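Quick note: the coordinates plus some simple rules give every number you see, no bench work behind them. Keep in mind that what you see is a predicted model, and the values were worked out from it rather than measured. Because the Cβ atoms are built from the backbone with ideal geometry, glycine has one as well, and the counts that use them run over all protein chains shown.
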Amino acid sequence: MSKLPEELIALLNDTGSIKVIATIDGEGHPHVVVKGSLTTLDDETIVFAEGLEGSLSNKNLVRSIWFDKKVAINITKGLTSYQVKGRPYKYLITGRVFRQLLDRARERRGAEADIAGVWVITPEEVRNESPAVRSSLARDERGLFHSHLDLLRHSE
Amino acid sequence: MSLNHELGVEALSEKYVDVPKSIILKLDLQRRGITFTDAAATETCTPYYRGPEVTAFSKKETTVRPLPGPILLRDGTSVLTGPHDSQFLRPYSIDHIDGKFYAIDNGERLDEVDFSPRPEFYGKLTSRGIPMESIAWSRPQRLDLYPYRYCHYWDTREQCKFCGFFTDLKTQKQLAGDSYAKVVHPEDLYETVREAIKEPGRFSQINLTAGTDYSGDVPFENEVERYIEVLQAIGRNFKTRRFPSQLIAPAYSKQQVKRLYDETGLSSYCPDIEVWDKELFKWICPGKEKWYGRDYWVKSALDAVEIFGKGNVYTNFVAGVEFAQPHGFTSIEQALDSNFEACEYFAKNGVVYLSIVWRPGRGTGLAGQQQPPLEYYVRLIRGLVEIRKHYGLASDNDDFKHCGNHGDSDLERLN
């Protein structure tokens, strides 16, 4: 996938956005966690820091990169929301990007903060999940029949 | 020997769907070694990757191109392998194309790879003027120290037959004395560690190993005293009593192991058994057999669990050397049975039995011998992990990011 949408990039770079990642375990059960570090460094891939090597989320990500499973990410601020589906491409345990996210973690959470590694996700599908956008698309696709009539009446 | 040499990484990843392709690739990179294209060699000499100019194993004057740190696969798996002077058949080629490294086999790009970057302490000197990169070598998350760079098993030609440690990997000769000092001063070790751990997030473990020195009023006493001195010096760098560390060393008495634990901050001990079968141990490890035999090595590991705790004692074996001829196994099933028996025995006693891929290098007593096929290693690591999982053992000290030698501990990331 080429560059991410500008609006999504802005959300990813906004520390005030809510950022979550959903993974699946070996039996297909979903697991969702907030990842405040989730961001983009190149406007094409998504990166985030993993704090614990043995976390359920991290094991699911290892399983995903080993056995070619997808993950889903949601980034939301106010009424703007995006979902990204993609695949883990790399797990960084050292190097420039690892250091960059470690430094960010220590700026945000204090000098004692630590990370285990950094995941790089290659996006494959981006979906605008903002309520206004989804409502508009739904009306266009399915006509009037799912709107409550009080919203269609003349105001008195 | 009825060994199937046909199945490669792709075929085996289809046959063993529970083993990730990256780990099979790692096993084969270790088994067959690598070469660098000119483009890759040039890139690995840039400041980001450039390896040490002098190492613990370097001759005084060398014109050899510095090698980068270990390979990193996309899943974070580190791989300890090297060019080995192209002494193996069909090594992988590492190329650099459009800004990325790739592992190439027979002209086909298998996957993107990377190398562990150069740590910030390389290029610096200790207060005694010693290059720090000759004191410590950097893996992706581990600092390797070699306080004593000579193995006395070689004095009587009783070295382990697979080993080329502290040689030039070409001739069977210990180099210390001619090319570098045997003993590293503890203050040089202290200062090097002090400098290395300034780099944020770069290291999460310290590993010590050395050549064997069995001298002393009580055998190994001089070596134990040296390790205590060295570990105490290194320990001055830390605010915690214990620091993440492993000592790969000979089998010591329980009293000696207890001293290492009580008098230093060491957190893990690893007397390597090398090969499990009794008769093969005698033949392949004559020095270890002399000082003081396989049963003593096994007992030492088991006794150490009482001191360091379950899961903090390891023993490595050179996977594949059990096929060395004329005395080795002639079937894969024999070798698997032997190693699974060993793993079971150690695991139920709290010891982690870890595999290292055998490379019959030119400077060793088994040069030119035939390696087992890749499929052997795949079956081996699957079995080892299952056994250890059953006994609740994990290999945190020697996992995918700290060592780079063990395909079996890499698989534990899902446990």
- Task: Enumerate the lysines that B:Lys348 could reach by cross-link, defined here as Cα to Cα under 23 Å, with residues fewer than 8 away along the same chain left out.
- Result: B:Lys254, B:Lys258, B:Lys278, B:Lys299, B:Lys310, B:Lys389
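At a 10 Å Cβ-Cβ cut-off, how would you order B:Cys45, B:Cys270, fewest neighbours first?
Fewest-to-most ranking of B:Cys45, B:Cys270: B:Cys45, B:Cys270.
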- Message: Once each part is reduced to its C-alpha centroid, what is the distance from segment B:154-227 to segment B:325-393 in angstrom?
- Response: 25
- Note on the structure: The exposure ranking of B:Lys161, B:Lys389, fewest beta-carbon neighbours within 10 Å first, is B:Lys389, B:Lys161
- Message: So if I average 1/r over every pair of distinct C-alpha atoms in segment A:6-129 and take the inverse, what Kirkwood radius in Å does that give?
- Response: 14.5
- Query: So for chain B: antiparallel DSSP bridges make up what percent, rounded to the nearest 5?
  - Reply: 45
- Message: Would you report the distance distribution of C-alpha pairs in chain B as whole percents per 20 angstrom bin, up to the bin with the largest distance?
- Response: 27, 63, 10, 0
- Amide H proximity to B:Asn316 below 5 Å, modelled H, separation 5+ or other chain, gives B:Asp272, B:Ile273, B:Glu274, B:Leu354
- Item | Per-residue [θ]222 nm for chain A (sum of -39500 (n - 2.57) over DSSP H runs n ≥ 4, rounded to 500) | -9000 deg cm²/dmol
- Task: Take the alpha-carbon centre of segment B:273-307, take the same for segment A:118-150, and report the distance between them in whole Å.
- Result: 66
- Query: Cross-link partners among lysines for A:Lys77, C-alpha distance below 17 Å, same-chain residues fewer than 8 apart left out?
  - Reply: A:Lys19, A:Lys35
- Message: Which one, B:Ala103, B:Ser127, B:Leu67, is farthest towards the positive end of the dipole of segment B:36-185 when Lys and Arg carry +1 and Asp and Glu -1 on their Cβ?
- Response: B:Ser127
- Message: Using +1 at the C-beta of Lys and Arg and -1 at the C-beta of Asp and Glu, which of B:Thr81, B:Ala136, B:Leu7 has the Cα lying farthest in the positive direction of the dipole of the protein assembly as shown?
- Response: B:Ala136
- Which value at 222 nm does chain B reach when only helices count, each DSSP H run of 4 or more adding -39,500 (n - 2.57), with the total divided by all residues and rounded to the nearest 500 deg cm²/dmol? -9000 deg cm²/dmol
- If you place +1 on the Cβ of every Lys and Arg, -1 on the Cβ of every Asp and Glu, and leave all else neutral, what size is the dipole of the protein assembly as shown about its Cα centre, to the nearest 20 Debye? 640
- List A:Thr122, A:Thr80 from most exposed to least, where exposure is judged by having the fewest other Cβ atoms within 10 Å. A:Thr122, A:Thr80
- Item | Rounded to whole Hz, the Karplus (6.51, -1.76, 1.60) HN-Hα couplings of segment B:245-250, x for glycine and proline | 7, 9, 10, 9, 8, x
